[in-house]
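The values are calculated or read from the model by the stated rules, or taken from the named source; none is laboratory data. All figures in this text were calculated on a predicted structure; none of them were measured in a lab. Methodologically, a virtual Cβ is constructed for each residue, glycine included, from the backbone with ideal geometry; neighbour enumeration extends over all protein chains shown. Side chains are part of the model used for accessible areas, which takes the heavy atoms of the whole protein and leaves out ligands, DNA and RNA. Shrake-Rupley method; radii C 1.70, N 1.55, O 1.52, S 1.80 Å.
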Amino acid sequence: MGDYVLVLNAGSSSLKFSVYRRSDSDALEIDARGQIDGIGTAPRFTAARGDGGAGIKNEGLNAAVCDAPSALEHLAGWLRSRYVGAQVLGVGHRVVHGGPRYTQPLLVTPAVLDDLRALVPLAPLHQPHNLAAIEAVSERLTGVPQVACFDTSFHRGQPAVATLVPLPRNLGANGLQRYGFHGLSYEYVASMLPKAAPGIATGRVIVAHLGSGASLCALDKGKSIDSTLGFTALDGLCMGTRPGALDPGVVLYLFQVLGKSAAEVEKILYKESGLLGISGISNDMRHLLGNPAPEARLAVDYFVYRAAREIGGLTAVLGGVDGLVFTAGIGENAPEVRRRICEASAWLGVRLDPDANRRSAACISAADSRVSVWVIPTNEELMIARHTSRVLGLVEAGT
Ligand code: ADP
């Protein structure tokens, strides 16, 4: 087997990976993907062929796989046994926050790592795990170049009014601004538009990344001009466990009247709110759709309400809208949620083709819809593999 690029997406209890190899036509082709999840509790390793073929591994792991270094050690062993004699050309990491400075993916150096550590307070639940994976690779795969790819980069270049946090000027010195996230997903969708939906690629498009985390991005001629996530990944839409936009007075109330500590407030905002908080049942849309409990229905109602409301807001930012794109777990797989968001956006001239929507076809709008509506599966890993190859001067990545 030939040499490969490894893509890592490290979370609090999981290490997701993808292996990309060079095809005969010099494009990057996924060979395998998988994850180690349950790190620290009940670790499990799963891997599947990149072409969607049968799983190639699914096994419980020794409890000693309890942190990033031990998870990486296990993964490295598996890679060595599957890709005998092959070299890791480079490792591309998803890094949630690039701060005001990093507007592009870049080679990780000790100085870059120091800068990224300083951003931990801006993304406390994601950044530390992203960086732990980089450190683990430096220790275990010595000498292999690593590239950090940021969820914030794609949004740099937005107009000043979109990035402003309107607090006193002197508080803004340390990077207090709206950054936006899910940038690798939006960048991938934007890169696909000329081929998948050429009629809107150079127009005004709203992309709805609806997964466990959820946000919208306003694309003008393929460039991000605003998004619903802001300084942290808490703003905007209702998410699985995060509330989305919230009156800041609510946070004061939690501290001052309910006497919550900072750690408790952080837990409420990142892990206990959103779909889970409203329903008291689940953070997973699959468990809420079709659940007759009023709390489950209210959670879905709010998710749809908030998405439609923000679509209206971004339409104002764009001065109209030509296309709407759904992506990520809910956006790609939940026709009912798409239908309800589109019905609530009918005033914009959005009309669905119900059959195409049920089938999750690529184009799901009716022929007479003023706004064309699309389902484009996202592929953040491929975006990272492309960036990594480019930064390391490996291959010109194809799709
Ligand atoms: P992340 O990568 O942020 O974990 P995903 O993009 O994988 O999120 O989206 C995960 C969410 O997608 C799940 O929580 C679930 O709510 C939703 N989802 C996945 N498949 C379906 C489906 N068939 N119907 C409804 N929701 C789905």
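Overview of values
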quantity: Accessible area expressed per residue, the chain, with surrounding protein chains retained (probe 1.4 Å, Å²); calculated: 44 Å²
quantity: Whole-Å semi-axes of region 222-279's equivalent ellipsoid (Cα gyration tensor); calculated: 23, 13, 9
quantity: Anisotropy class of the chain from Cα gyration tensor, a/c 1.5 cut; calculated: rounded
quantity: Proximal lysines relative to Lys223, as straight alpha-carbon distance under 21 Å, when same-chain residues fewer than 8 apart are discounted; calculated: Lys195
quantity: Span-rule helices in the chain, defined as complete DSSP H runs reaching 18 Å or more along the axis (Cα) with Kyte mean at least 1.0; calculated: none
quantity: Dipole magnitude (debye, nearest 20) for the chain, charges at Cβ of Lys, Arg, Asp, Glu; calculated: 300 debye
quantity: Rg(Cα) / (2.2 N^0.38 Å) computed for region 59-204, rounded to two decimals; calculated: 1.27
quantity: Accessible area of region 302-399 belonging to carbon and sulfur atoms, whole % at 1.4 Å probe; calculated: 50 percent
quantity: Descending semi-axes in whole angstrom, ellipsoid equivalent of region 164-223, from the Cα gyration tensor; calculated: 29, 13, 9
quantity: If the convex hull is drawn through the Cα atoms of region 282-365, its volume per residue in Å³; calculated: 96 Å³
quantity: Enclosed volume per residue, in Å³, of the convex hull spanned by Cα atoms of region 119-158; calculated: 77 Å³
quantity: Relative contact order of region 1-83, pairs being alpha-carbon contacts under 8 Å that are 6 or more residues apart, as %; calculated: 20 percent
